[in-house]
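Read the structure below first, then the notes.
The values are calculated or read from the model by the stated rules, or taken from the named source; none is laboratory data. Every value quoted in this text rests on a predicted model; they were computed, and no experiment measured them. Cβ: placed from backbone, ideal geometry, glycine included. Neighbour counts: every protein chain shown.
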Amino acid sequence: MAIRPIVRLGHPALRSPADPVPLEKLADPEFQTLIDDMLETMDDAGGVGLAAPQLGLPWQLFVYAAVDPDHEDDDEHEPELKVLVNPGIDPESREVVYDWEGCLSISDMRGLVPRYPAVLVHAFDRHGERLDFRAERYEARIVQHEFDHLNGIVFLDRMRDLRSLAFGDEWEQFMIRGEDSEGAGDG
Ligand SMILES: [Zn+2]
């Protein structure tokens with residue numbers, strides 16, 4: 001496994017729609033190595049999600065750490081690492097909720113982003129098995145953030161008021177004091 005460089009805003013891969021992964025490609029050891037590298041790169045960068053376009057690769061593929069919302073600060077509950085290939089998502093309702101997000105491709109910035117609180121996810125796992133599940137709260141937010149990366153969209157595009165945009169230190173100092181936020185992981 002290896003840590004791969006994460007591309008940042010301005011790289012065309014972050015603004016291009018990704019291609020579906022041909023499922024036979026999942027049998028290619030090099031592609032499995034790519035998935036392992038994505039998990040390692042996400043972990044090394046301290047992120048909660050990473051999409052293939054963030055490595056400059058045009059695949060509909062992302063990985064993320066599905067933190068159990070009831071055990072976020074509990075070190076004994078390791079997040080479940082998920083790999084989604086060719087995902088699709090359907091919001092459960094039109095309602096949106098706001099919370100903080102950051103992005104490994106937009107270093108050190110935070111902003112308030114509206115997202116659906118629950119989504120139905122349809123995808124394949126890394127072995128080509130169908131995955132259909134419901135994601136809610138923080139997991140739903142991560143899935144929507146990473147799914148956007150497969151369509152050339154970053155969280156800045158989803159913000160409705162850029163005045164909440166802040167650098168990490170200033171965000172901690174002035175913006176989240178006393179707030180009950182689930183979000184703000186980098187994806
Ligand atoms: Zn991101």
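Each residue in the stretch 7-26 was checked for being of a type outside the set (Val, Ile, Thr), under 19 Å from Ala123 (Cα atoms) and in contact (Cβ under 8 Å) with a residue 24 or more places away in the chain, and 6 of them qualify.
When the stretch 123-149 is filtered for residues that are within 11 Å of the ligand (Cβ to nearest atom) and either over 10 Å from the mean Cα position of the chain (by Cα) or farther than 15 Å from Asp186 by Cβ (or both), only Phe147 remains.
Under the condition of being free of Cβ contacts under 8 Å to residues at least 12 places away in the same chain and surrounded by 19 or more Cβ atoms within 10 Å (Cβ to Cβ), the residues counted in the stretch 124-154 number 1. Only one entry in Val21, Val7 is more than 16 Å from the ligand (Cβ to nearest atom), within 21 Å of Ile142 (Cβ to Cβ) and part of a loop (DSSP other than H, G, I, E, B), namely Val21.
A count restricted to the stretch 59-109 and to residues that are over 15 Å from Ala140 (Cβ atoms), at pLDDT 95 or above and more than 16 Å from the ligand (Cβ to nearest atom) stands at 4. Scan the stretch 9-26 and give yes if some residue there is more than 13 Å from the chain's Cα centre (by Cα) and of a type in the set (Val, Ile, Thr), otherwise no. Among the residues of the stretch 9-26, at least one is more than 13 Å from the chain's Cα centre (by Cα) and of a type in the set (Val, Ile, Thr), which makes the answer yes.
Among the residues of the stretch 155-179, the ones that are within 15 Å of the ligand (Cβ to nearest atom) and crowded, with 19+ Cβ neighbours inside 10 Å come to 1 in all.
Residues that are more than 20 Å from Gln60 (Cα to Cα), touching an Asp or Glu at 6+ places or on another chain (Cβ under 6 Å) and not small (Gly, Ala, Ser) do not occur anywhere in the stretch 84-93. Each residue in the stretch 80-113 was checked for being assigned to a strand (DSSP E or B) and either loosely packed, with under 15 Cβ neighbours inside 10 Å or of a type in the set (Phe, Trp, Tyr) (or both), and 8 pass. Which residues, taken from the stretch 43-70, are under 23 Å from Arg134 (Cβ atoms) and not small (Gly, Ala, Ser)? Within the stretch 43-70, Val48, Leu50, Gln60, Leu61, Phe62, Val63, Tyr64, Val67, Asp68, Pro69, Asp70 meet the criteria.
Being modelled with pLDDT of 95 or more and away from the ligand (no atom under 16 Å from the Cβ) holds for only one residue in Ala45, Ala27, Ala51, and it is Ala27.
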